[in-house]
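Visitor: Take this structure first; my questions come after.
The values are calculated or read from the model by the stated rules, or taken from the named source; none is laboratory data. Source: prediction; values computed, not measured. Don't worry about glycine lacking a Cβ; one is built from the backbone with ideal geometry, like all the others, and counts go over all protein chains shown. All accessible areas refer to the heavy atoms of the entire protein, side chains included, with ligands and DNA or RNA removed. Shrake-Rupley method; radii C 1.70, N 1.55, O 1.52, S 1.80 Å.
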Amino acid sequence: MTRLECTARLAGERVDSFLARELDLTRSALQKLLEEGAVLCGGEPVKKNRRTVPGETYTLDLPDPEPIEAVPQNIPLDIVYEDEDVIVVNKPVGLVVHPAAGHPDGTLVNALLYHCGNSLSGINGLLRPGIVHRIDRDTSGLLIAAKNDAAHLSLAAQLEDHSLYREYHAVAVGGFREDSGTVDAPMARHPVDRKKMAVDRTKGKRAVTHWEVLERYSGYTYLKCLLETGRTHQIRVHLASVGHPLLGDTVYGAKKPVPGLAGQCLHAKKLTFTHPRTGEPMTVECPLPDWFEAVRRRLGG
């Protein structure tokens, strides 16, 4: 049984909007629960057009999600490194990492299952076998996957203690006065749009991004960004929060798409980790994709 109380700040909002946001459900899914009488307030079913009232508590039983299992699909992979424990791929823009609502297949996981067979860690379940960390659909670059549970645990521990080094290259809007700096700002889900993240100094989790200027253009800056933590959309949110959204980021920056860009100008270029079996330090790099280099040439790089 799930219980949610309405605060004074959220009073007067439609119940379906309030619950959909707080439970990270689609509004249509929440409306279906309302129509079925699955949402109660004071023991009575809640009507779809009801407005929230401060202090009211809404209770509902969320149905168990239907089990889904990712299936192998013959999708080409750009493999940068592979051995019996790990595989590192250069993910293109547009490829979703694992199946989710709206993307049941055609993902990196489907491609890994086809390439690796049963040789992927099972710690993250049937939908995310082998996946230790993620990068956004419209971000390109390096992603490491584990081929057994021991490797997965080792890499997850490195993520936790920040010893797994991830270097991103990006083009940000505007000029930076300094040559380098750090954005240290906690992050949480956006209070209104649950698909977005936001800087939240009250409820947010620690998030730290280090940046360094590589080249300066007229109105834009080419940056190297290092993640000390790994929050969802971290670089995008952090740079936007200091007035420098990524070029092409229509979620946290200008809403109008940039011609020639399918997403934000962000590429995971370098990955350093300790090999889970040998204990040796390893560094893997991949070049900037052609579209990224084309952007730099247009800007004068």
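Visitor: Here are the criteria: (1) open to solvent by less than 50 Å² (accessible area, probe 1.4 Å); (2) out of contact with any Gly (no Cβ under 7 Å at 6 or more places or on another chain); (3) assigned to a strand (DSSP E or B). Tell me which single one N90 does not satisfy.
Guide: The single condition N90 does not satisfy is (2).
Visitor: A further question on this structure: How about the range 217-249: which of its residues are under 15 Å from the mean Cα position of the chain (by Cα) and assigned to a loop (DSSP other than H, G, I, E, B)?
Guide: T229, G230, R231, T232, H233, D249
Visitor: Name the single residue, out of those in the range 70-80 being open to solvent by 70 Å² or more (accessible area, probe 1.4 Å) and out of contact with any Leu (no Cβ under 6 Å at 6 or more places or on another chain), that is nearest to G125 (Cα to Cα).
Guide: The extreme case among them is V71.
Visitor: Also: If you check G248, G263, G253, which single one turns out to be open to solvent by less than 30 Å² (accessible area, probe 1.4 Å), of a type outside the set (K, R), in contact with an Asp or Glu (Cβ under 6 Å, 6 or more places away or on another chain) and within 20 Å of V93 (Cα to Cα)?
Guide: G263
Visitor: Taking the stated definitions as given, is L142 outside any loop (DSSP other than H, G, I, E, B) and buried (at least 21 other Cβ atoms within 10 Å of the Cβ)?
Guide: The answer is yes for L142.
Visitor: Let me ask something additional. With the checklist (1) over 20 Å from L143 (Cα atoms); (2) touching a Gly at 6+ places or on another chain (Cβ under 8 Å); (3) part of a strand (DSSP E or B) in hand, flag the one item R166 doesn't pass.
Guide: Single failed check for R166: (1).
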